[in-house]
């Protein structure tokens, strides 16, 4: 069990003097924190953000920037895509899978168009251009893209395919440094500070403070080695990110990620989850993980991905994160990309933002039989797989996995294989259980008075499968809810 002794809550009666105070205190200045701050300030609350680093942004500012929105946003309509909340809901339920929360997903889908408008009103710009090629993100500043395999099997038979990856317009794009995520956070941070939100940087929360009734009324934080007591008259909002960089928590809750690179930032150490757990908060979906698959989607779509038995296990033109999940969770992390020279050269000639995922093949051979032997696959396995694939390609129908006809082409010679076993990374999807207003739920199922949370420290809309934009979408959407609820919390008598 993860040790919580060092984060046990402190009684307010033990605090002689408060170092600072606000109506709403928010831990974390990423996407969930900034949206909570804007809404709380607009509701008239005094708001203080505690940010452990030296600036705003968190993981959001380093992300590609997809915000998963749909249901008929103005951007979708401007680009000729008809969508409804019900259609979006069908896809999301299927993509998340058996552990989906239907109530939360329905709530998110029905509020998606209004949330888009709210982001635009806060200064976020979405350029009315569509990027329709496979990729992790648009190569330029296009505002809309398929970001979850909506147009690929099996989802294209469940719901009408519609792109929902909304990307803020970028300037001087630098992937991983200044992309869509940065262009999402910048106007939101400006909006928050224009609304009078105060920020204390280099300030790390350590534990929660509770009053005699058990209500959360503040936090203990540390700045430059000094411990601070910060009072929250209405409530505390936790927006501190996932537990991707807490090795003990990963080992206990999401062991498939042990030893794998974390697709997150080092500040995601689970502190928000732990301080709430120490107060009796529920957690859920803690074993759920997203798995990034570091392959170029242009190559993946044109080839075939096989497991350690030389067999295909997924449609290669789907969302790469879904390939990653299938690889790590169901194939013992065994995955190899098979592609011939013509397909490889065609992929490399395309414009793509993910060219840095391209590498030299691990094996090259003149025939499938030679490649199979060089890779050490079971005799006849890859030959059988390629024969079936080529037969399907000849009639334009992938009878096994449903890859779209446009990506079906017979595998020829010479042929190459890429070892993808070391190209999976991930982050956990689970976290605190909250209601739809961001109230953190205790062991008995009732909200913990004065405690709210949003973003990756909570279990949001993705509690199994994933699609790009879910984290920024969920964090911003329910960050707003948490800020509104915290600002409306009963105001105890000040003393």
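Derivation of every value follows stated rules applied to the coordinates shown; laboratory data play no part. This structure is a prediction, so every number in the text was calculated from the model and none was measured. Cβ placement follows ideal geometry from the backbone for every residue including glycine, while neighbour counts extend to all protein chains displayed.
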Once you place label points 7 Å from the Cα toward the Cβ at residue 334 and residue 443, how far apart are they in nm? 4.4
Grab the DSSP H runs of the chain that are 4 residues or longer, score each as -39,500 (n - 2.57), total them, divide by all residues and round the 222 nm result to the nearest 500 deg cm²/dmol. -8500 deg cm²/dmol
Computed over the chain, the convex hull of the Cα set has an average projected area, in nm², of 22.6
Quick check on the exposure proxy: order 140, 233, 268 from fewest to most C-beta atoms within 10 angstrom. 140, 233, 268
Just want to confirm a number: the relative contact order over the chain, from Cα pairs under 8 angstrom separated by 6+ residues, in percent. 24
From largest to smallest, what semi-axes in whole angstrom does the stretch 331-375 give when each is the square root of 5 times an eigenvalue of its alpha carbon gyration tensor? 22, 16, 8
Could you calculate the FRET efficiency of residue 212 with residue 19 from 1/(1 + (r/R0)^6), where r is the beta carbon distance between them and R0 is 30 Å, rounded to 0.05? 0.90
Range of Cα positions in the stretch 403-486 per principal axis (Å), largest first: 66, 26, 18
Per its Cα gyration tensor (rounded if a/c is under 1.5, else prolate when a/b beats b/c, else oblate), the stretch 383-430 is best filed as oblate
Taking square-rooted eigenvalues a ≥ b ≥ c of the alpha carbon gyration tensor, is the stretch 295-422 rounded, prolate or oblate, where a/c under 1.5 means rounded and, failing that, a/b exceeding b/c means prolate? rounded
Per 0.36 nm of contour for each residue apart, how much would the distance between residue 117 and residue 140 grow if the chain were fully extended, relative to their Cα-Cα spacing? 6.0 nm
Expressed in angstrom and ordered largest first, the alpha-carbon extents of the stretch 80-171 along the principal axes are 39, 29, 23
